[in-house]
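Read through the structure below, which is laid out as structure tokens, and then see the notes.
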Amino acid sequence: MEMMKVSMDCVHQIFEGQAARTPRATAVVFEGQGTAYGELNARANRLARHLVAHGVRRGETVGVLLERDTELVVAVLAVLKAGAGYTLLDPGLPVERVRAVASLAGVSRVVTLARFAGHWDGTRVRSVAVDAE
């Protein structure tokens, strides 16, 4: 039986390695439009720097309230690159349910769209709207 080598690298580090090796290869396809590894990695790096500038810290849990598209992949990678963990929040759920899940996960910041920023009114959760920055 052959032994499989197990990487101790994190997901975002493995992704960065692939982006360095094949920057022009398609990483994600959404609604027929492909995004290359290099572009996806650059977008995730920009968002990660933005998140850190907005106070995201290593070990923190960040909520990700986005629809299923390329921006969701960028956001997840960015949160990991910022050193945080993430909890996916479903924008299709009622606001109170989304708030409850975020509270249980200990979320203090959420990566989202400007149209969902109102979900956090009256709470201690701060939103970072990826489409408004």
Restricting to region 46-58, name every residue that is open to solvent by 50 Å² or more (accessible area, probe 1.4 Å) and either under 22 Å from T26 (Cβ atoms) or in contact with a His (Cβ under 7 Å, 6 or more places away or on another chain) (or both).
R46
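Here's the yes/no breakdown for (1) out of contact with any strand residue (DSSP E or B) (no Cβ under 7 Å at 6 or more places or on another chain); (2) closer than 24 Å to A132 by Cα:
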| position | (1), (2) |
| --- | --- |
| M3 | yes, no |
| G17 | yes, no |
| A53 | yes, yes |
| L89 | no, yes |
| L93 | yes, yes |
Among all residue pairs at least 6 apart or on different chains, which show Cβ distances below 8 Å where the first residue, located in region 81-104, is within 26 Å of H12 (Cα to Cα) and the second is part of a loop (DSSP other than H, G, I, E, B) and of a type in the set (G, A, S)?
G83/G59; A84/G59; G85/G59
Quick check: is even one residue across region 68-80 modelled with pLDDT of 95 or more and of a type in the set (K, R)?
no
Neighbours by Cβ (under 6 Å, 6+ apart or cross-chain): first from region 56-78, over 19 Å from N41 (Cα atoms); second assigned to a helix (DSSP H, G or I) and open to solvent by 10 Å² or more (accessible area, probe 1.4 Å)
T61/A105; L65/F116
Candidates P91, P23 - the one that is open to solvent by less than 70 Å² (accessible area, probe 1.4 Å) and farther than 23 Å from H119 by Cβ:
P23
Of (1) open to solvent by 50 Å² or more (accessible area, probe 1.4 Å); (2) in contact with a Gly (Cβ under 9 Å, 6 or more places away or on another chain), Q33 satisfies all except one. Which?
(2)
Among the listed residues G83, G38, G106, identify the single one that is small (G, A, S) and exposed (fewer than 15 other Cβ atoms within 10 Å of the Cβ).
G106
Which of the residues that make up region 59-80 are of a type outside the set (V, I, T), touching a strand residue (DSSP E or B) at 6+ places or on another chain (Cβ under 6 Å) and open to solvent by 40 Å² or more (accessible area, probe 1.4 Å)?
D69
Pull out all pairs, ordered by first then second residue, where Cβ-Cβ is under 8 Å, the residues are six or more apart or on different chains, the first lies in region 34-51 and is in a helix (DSSP H, G or I), and the second is open to solvent by 50 Å² or more (accessible area, probe 1.4 Å) and acidic (D, E).
N41/E16; H50/E133
Quickly run through region 1-33 and pick out the residues that are modelled with pLDDT under 85 and either part of a loop (DSSP other than H, G, I, E, B) or polar (S, T, N, Q) (or both).
M1, E2, M3, M4, K5, V6, S7, M8, D9, C10, Q13, Q18
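The values are calculated or read from the model by the stated rules, or taken from the named source; none is laboratory data. Keep in mind the model is a prediction, meaning the values are calculated, not measured. As a convention, Cβ positions derive from the backbone with ideal geometry for all residues, glycine included, and neighbour counts pool all protein chains shown. In case anyone asks, the SASA skips ligands and DNA or RNA and just uses the protein heavy atoms, side chains included. Shrake-Rupley method; radii C 1.70, N 1.55, O 1.52, S 1.80 Å.
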